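Here the structure is laid out as structure tokens; the discussion comes afterwards.
The values are calculated or read from the model by the stated rules, or taken from the named source; none is laboratory data. Predicted model only: the values in this text are computed from it and were never measured. Every residue, glycine as well, gets a Cβ built from its backbone with ideal geometry; the counts of neighbours run over all protein chains shown. For accessibility, only protein heavy atoms count, side chains too; no ligands or nucleic acids. Shrake-Rupley method; radii C 1.70, N 1.55, O 1.52, S 1.80 Å.
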Amino acid sequence: MTAVPDPWSDLATLSLRVATMRELFAGDASRPPKHTVEAAGLVLDASKNRIDDGLLASLFSLARGAGVEARRDAMFAGDKVNVTEQRAALHVALRAPRDAVFRVDGRNVTPDIHAVLDHMEEFSEQVRSGSWTGHQGDAITDVIHIGIGGSDLGPRFVCAALSSYRHERLSLHFVANVDAHALDGVLADIANPLNPATTLFIIASKTFTTAETMMNARSARAWAVAGGVPESKLHRHFVAVSTNTDAVRAFGIDTKNMFEFWDWVGGRYSLWSAIGLPIALSCGMARFRELLAGAHAMDVHFATTPLESNMPVRLALVGILNANVLGARSVCVAPYHQHLELLPAHLQQLEMESNGKSVTLDGAPVARATVPVLWGQPGTNAQHAYFQCLHQGSEWAPIDFIAVIEPAHAHLEHQRALLANCFAQSEALMNGKTEGQARAELIAAGASAAEAARLAPHKTFPGNRPSNTIVMQRLDPASLGALIALYEHKVLVQGSIWNVDSFDQWGVELGKVLAKTIVDELEKGTSGTHDASTQALIERARNPSPPPPSP
């Protein structure tokens, strides 16, 4: 019997034969074009990875053998790819045009999606124009979005990323943490105290029962009433993104101002739905539709392009190579644009919640590590923090650099410096610096031979450290939509290869369930069954130490 080839063994063997990146570039003038993909207004340069033609071919074989194409097609078809909850994961339908057909359980959901989008447009234009007023007839000046997880981070990130497009009168605020310092920090901002008469709250909870969201919502409601908003007029200051009509009505929100979304939309994929209402309010519905269109362009590319020239597939496969073959334990994302400051946080949730799994689709233990830890912050700040470790540390991490060519400001000297730093960092990580080069530079700078020999090891850089560079011409709604969709589809590809359910999140639940019991114990003073450490912490919270005496 002929043995079935093991793609993982092939990858491991081939990786040992790959030359250094410096040698790969020296030996192949066509290397950058072969590893560069363009789609939906983005450019991905993956040439600075430890990969050659043989490894690349083996990675594509791995993807095909894992059924990436079939799983992709099943997601677009509305199949129940979320197997543990028996749900579709059809976020791609949220950004499709009106004439598209996407079916869930045999029903075309596109008309429902566009009815909600039209509702969002009508409402957002009323608020932005000033025709929607608070209970005293004043135009809204502040919008506070209360949600958590995907109902918070997605719209929070996009509003920050598109802040160049924000409405001049409206200030957007986001509250997620049940820690009341978050809510008080918005409501009682000494520098800019909010006025209940001109404040609008968006309560985002699919079931209208999410514990943290509803606790913050009730406190916000009490603040509004204490500030003079009659209970009969709360509907002028509160709207809901939910599906629970009865709970929304009981809260005091007019159900005409309830914006629906669906259980086939996972929270971390929901910014394209009514969860994106803050984006429409801040940037305008026309910009929100451009965001959707950019994501849809990436969807079309992902769904129709062969794997070899498919951008999400390329990005995912070099990630598989780095994590599962070369042993990287984390991934750094470094956006070289200040407005993309929250991109790493959004991708943390997207990737680590989606693929942070240890069992396969059929419940068996996974055969290899799944999603690496994702982290990062904008350049050039990051260069003065952890880039020391990235260049010379004993642990290495692949990096995704995000570069934007055209700024939204007029300070071109700043932009040239920013891009120069971005491009230089990936070059330095790839090439490094040998001890001989370091010694020669020191001697050229006037150091003695002995001093150069002493210092050279400290100024040596190993190089051969991989990175991707993703380039967009400008940070506009369409390019941002394409960027987010790129990473969403990367998640699907990697989840397919690891054979995990990328669309459930049971790991979010356990601690929250236990917290409900402990809350009751803290309130009533009762005792539950806990380990000694947890019980001691509960007792300490019940009986806090007195403050130290004043000096």
So, of the residues in region 375-390 that are closer than 22 Å to GLY154 by Cβ and surrounded by fewer than 22 Cβ atoms within 10 Å (Cβ to Cβ), which turns out to be nearest to the chain's Cα centre (by Cα)?
TRP375
Is one or more of the residues making up region 424-434 assigned to a helix (DSSP H, G or I), in contact with a helix residue (DSSP H, G or I) (Cβ under 7 Å, 6 or more places away or on another chain), open to solvent by 70 Å² or more (accessible area, probe 1.4 Å) and at negative phi?
no
Looking at GLU509, is it modelled with pLDDT under 90, under 28 Å from GLY363 (Cα atoms) and not aliphatic (A, V, I, L, M)?
yes
Of everything in region 40-77 that's assigned to a helix (DSSP H, G or I) and open to solvent by 50 Å² or more (accessible area, probe 1.4 Å), which residue is nearest to SER467 (Cα to Cα)?
ASP53
Give all pairs with beta carbons closer than 8 Å in which a residue from region 77-88 that is within 10 Å of TRP264 (Cβ to Cβ) meets a residue that is β-branched (Val, Ile, Thr) and outside any loop (DSSP other than H, G, I, E, B); count only pairs at least 6 apart in sequence or on separate chains.
GLY78/VAL104; ALA88/VAL104
State all residues of region 129-144 that are within 17 Å of ILE253 (Cα to Cα), within 33 Å of the chain's Cα centre (by Cα) and outside any loop (DSSP other than H, G, I, E, B); if no residue qualifies, say none.
VAL143, ILE144
Filter region 175-201 for residues that are farther than 11 Å from ASP142 by Cα, modelled with pLDDT of 95 or more and open to solvent by less than 50 Å² (accessible area, probe 1.4 Å) and give the result.
VAL175, ALA176, ALA182, LEU183
Across region 14-36, what is the total count of residues that are part of a helix (DSSP H, G or I) and touching a helix residue (DSSP H, G or I) at 6+ places or on another chain (Cβ under 9 Å)?
10
Are any of the residues in region 396-403 small (Gly, Ala, Ser), modelled with pLDDT of 95 or more and open to solvent by less than 50 Å² (accessible area, probe 1.4 Å)?
yes
Residue satisfying all of: in region 148-168; assigned to a loop (DSSP other than H, G, I, E, B) and in contact (Cβ under 8 Å) with a residue 40 or more places away in the chain; least open to solvent (accessible area, probe 1.4 Å) among these:
LEU162
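Does at least one position in region 363-370 carry a residue that is among the polar types (S, T, N, Q), surrounded by fewer than 20 Cβ atoms within 10 Å (Cβ to Cβ) and assigned to a loop (DSSP other than H, G, I, E, B)?
The answer is no; no qualifying residue exists.
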Exactly one condition in (1) part of a loop (DSSP other than H, G, I, E, B); (2) without any contact (Cβ under 8 Å) to a residue 24 or more places away in the chain is false for CYS389; which is it?
(1)
I need the full set of residues from region 204-248 which are touching a residue at least 40 places away in the same chain (Cβ under 8 Å) and more than 26 Å from GLY137 (Cα to Cα), in order please.
SER205, LYS206, THR207, PHE208, THR210, ALA211, GLU212, THR213, ALA247
Does GLY379 qualify as being more than 30 Å from SER9 (Cα to Cα) and not in a helix (DSSP H, G or I)?
yes
Any hit, region 506-518, residues being surrounded by 21 or more Cβ atoms within 10 Å (Cβ to Cβ) and either more than 30 Å from THR370 (Cβ to Cβ) or not β-branched (Val, Ile, Thr) (or both):
no
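Considering ILE484, ILE497, which residue is part of a helix (DSSP H, G or I), modelled with pLDDT of 90 or more, of a type in the set (A, V, I, L, M) and in contact with a Phe, Trp or Tyr (Cβ under 9 Å, 6 or more places away or on another chain)?
Testing whether each residue is part of a helix (DSSP H, G or I), modelled with pLDDT of 90 or more, of a type in the set (A, V, I, L, M) and in contact with a Phe, Trp or Tyr (Cβ under 9 Å, 6 or more places away or on another chain) leaves just ILE484.
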Of the residues in region 348-360, those that are part of a loop (DSSP other than H, G, I, E, B) and open to solvent by less than 60 Å² (accessible area, probe 1.4 Å) number 3
May I ask you to list the residues in region 462-481 that are in a helix (DSSP H, G or I) and not polar (S, T, N, Q)?
PRO477, ALA478, LEU480, GLY481
Among the residues of region 109-121, is there at least one that is over 20 Å from VAL239 (Cα atoms), among the β-branched types (Val, Ile, Thr) and in contact (Cβ under 8 Å) with a residue 24 or more places away in the chain?
yes
Close pairs (9 angstrom Cβ cut-off, 6 or more residues apart or separate chains): modelled with pLDDT of 85 or more in region 515-531, acidic (Asp, Glu) and surrounded by 10 or more Cβ atoms within 10 Å (Cβ to Cβ) anywhere:
HIS530/GLU521
Of all residues in region 252-267, which are under 21 Å from HIS173 (Cα atoms), in contact with a Phe, Trp or Tyr (Cβ under 9 Å, 6 or more places away or on another chain) and either of a type in the set (A, V, I, L, M, F, W, C) or buried (at least 23 other Cβ atoms within 10 Å of the Cβ) (or both)?
ILE253, PHE259
Within region 78-93, does at least one residue satisfy the condition of being part of a helix (DSSP H, G or I), out of contact with any strand residue (DSSP E or B) (no Cβ under 8 Å at 6 or more places or on another chain) and open to solvent by 30 Å² or more (accessible area, probe 1.4 Å)?
no
